[in-house]
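Engineer: What follows is a structure written as structure tokens; I'll ask about it next.
The values are calculated or read from the model by the stated rules, or taken from the named source; none is laboratory data. What you see is a predicted model; the values in this text were computed from it and never measured. Every residue, glycine among them, receives a Cβ derived from its backbone with ideal geometry; neighbour counts consider all protein chains shown.
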């Protein structure tokens, strides 16, 4: 059995910062934790310790080692051993960031009704490079085009904006200085200056320009409009379209602050909006979660770690705190 020779002391040594565990050792730990025949309980803490403290590539290596030695799929074993919110977190960690985002998008449009909040959170906050990878992975996983699925489940200007974002081209950091003033004036003329809003113009500029370019456009915009871009959006459009444009602008200006605010909103009352909390923590843990932690502390008066501890409990709490990585 894999458990042979694996005591709690051995687990602690392997998980220590001074010991470099092999993927075979970690695979044995996971196997013992989920299905050793000598016990009738699941060691959730060891699963959390092993899988939340490793990168996606390291988790893949552990899964491959598990399959070679146990002759079964580790993800299936985890599904059978875990449940509830902890299962959602751990299974999310077994996917790449693009696979996770693609799966979240699919879940948001699958079946009756659409989870617009999830669509907005993902499609309006990801970079061009991330969106290109999501499109590719979505096709591989579901044998369908992301754009067609989104178009089939949304409508109106909201659908047009999401489709424009989903089709965004190669990453760019180009600032077209000749167009900064032109774009700022166009955004003003299409919105605050006129009766009604030329949404098509807004979509075109915000989906086709680089982030550095748009940052300068929004600064120049203030010289034309009595309102900044976010205030203008709130005055001109409503509903999911308003939320989408606001998410875009907030992410263009400071993406990590956007996520920090989303986390705060998810935990500002008793309990927590677990779906939002899980999605942001899992999807950003290897991208920019440390910077999100810094923005959270700077703008909300306490650490993200402390806030998660106050609004969650049990194994779910322990998994999120491990991913969070520290109490700033």
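Engineer: With at pLDDT 95 or above, surrounded by 15 or more Cβ atoms within 10 Å (Cβ to Cβ) and either more than 16 Å from the chain's Cα centre (by Cα) or under 19 Å from residue 321 (Cβ atoms) (or both) as the only criterion, which of 247, 281 stands out?
Structural biologist: On the way: 247 fails: either more than 16 Å from the chain's Cα centre (by Cα) or under 19 Å from residue 321 (Cβ atoms) (or both).
Answer to the check: 281.
Engineer: Can you tell me which condition residue 223 does not meet? The list is (1) outside any helix (DSSP H, G or I); (2) surrounded by 15 or more Cβ atoms within 10 Å (Cβ to Cβ), and all the others hold.
Structural biologist: (2)
Engineer: All but one of (1) under 30 Å from the mean Cα position of the chain (by Cα); (2) modelled with pLDDT of 95 or more; (3) loosely packed, with under 14 Cβ neighbours inside 10 Å; (4) over 16 Å from residue 251 (Cα atoms) hold for residue 231; state the number of the condition that does not hold.
Structural biologist: Going through the list (1) under 30 Å from the mean Cα position of the chain (by Cα); (2) modelled with pLDDT of 95 or more; (3) loosely packed, with under 14 Cβ neighbours inside 10 Å; (4) over 16 Å from residue 251 (Cα atoms), residue 231 breaks only (4).
Engineer: What is the number of the single condition among (1) assigned to a helix (DSSP H, G or I); (2) surrounded by fewer than 16 Cβ atoms within 10 Å (Cβ to Cβ); (3) free of Cβ contacts under 8 Å to residues at least 12 places away in the same chain that residue 302 does not meet?
Structural biologist: The number of the failed condition is (1).
Engineer: Within the stretch 76-95, can you find the residues that are crowded, with 16+ Cβ neighbours inside 10 Å, in a helix (DSSP H, G or I) and touching a residue at least 12 places away in the same chain (Cβ under 8 Å)?
Structural biologist: 77, 78, 81, 85, 86, 88, 89, 90, 91, 92, 93 - these are the residues of the stretch 76-95 that are crowded, with 16+ Cβ neighbours inside 10 Å, in a helix (DSSP H, G or I) and touching a residue at least 12 places away in the same chain (Cβ under 8 Å).
Engineer: Also, quick follow-up: Which of the numbered conditions does residue 178 fail, given that it passes all the others? Conditions: (1) on the phi < 0 side of the Ramachandran plot; (2) outside any helix (DSSP H, G or I); (3) free of Cβ contacts under 8 Å to residues at least 12 places away in the same chain.
Structural biologist: Of (1) on the phi < 0 side of the Ramachandran plot; (2) outside any helix (DSSP H, G or I); (3) free of Cβ contacts under 8 Å to residues at least 12 places away in the same chain, only one is false for residue 178: (2).
Matching residues to (1) under 29 Å from the mean Cα position of the chain (by Cα); (2) over 27 Å from residue 275 (Cβ atoms); (3) surrounded by 16 or more Cβ atoms within 10 Å (Cβ to Cβ); (4) modelled with pLDDT under 90:
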{"position": "16", "(1), (2), (3), (4)": "yes, yes, no, yes"}
{"position": "46", "(1), (2), (3), (4)": "yes, no, yes, yes"}
{"position": "68", "(1), (2), (3), (4)": "no, yes, no, yes"}
{"position": "71", "(1), (2), (3), (4)": "no, yes, no, yes"}
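Engineer: How many residues are assigned to a loop (DSSP other than H, G, I, E, B) and within 33 Å of the chain's Cα centre (by Cα) when one looks only at the stretch 182-202?
Structural biologist: 4
Engineer: Take the residues in the stretch 250-271 that are within 15 Å of residue 228 (Cβ to Cβ) and without any contact (Cβ under 8 Å) to a residue 40 or more places away in the chain, then tell me which one is farthest from the chain's Cα centre (by Cα).
Structural biologist: 253
Engineer: Within the stretch 113-131, does at least one residue satisfy the condition of being out of contact with any helix residue (DSSP H, G or I) (no Cβ under 8 Å at 6 or more places or on another chain) and either at pLDDT 95 or above or farther than 26 Å from residue 63 by Cβ (or both)? Steps first, please.
Structural biologist: In the first step, residues of the stretch 113-131 are kept if they are out of contact with any helix residue (DSSP H, G or I) (no Cβ under 8 Å at 6 or more places or on another chain); the result is 113, 128-129.
With the extra rule that they be either at pLDDT 95 or above or farther than 26 Å from residue 63 by Cβ (or both), the set shrinks to 113, 128.
Yes, the stretch 113-131 contains at least one residue that is out of contact with any helix residue (DSSP H, G or I) (no Cβ under 8 Å at 6 or more places or on another chain) and either at pLDDT 95 or above or farther than 26 Å from residue 63 by Cβ (or both).
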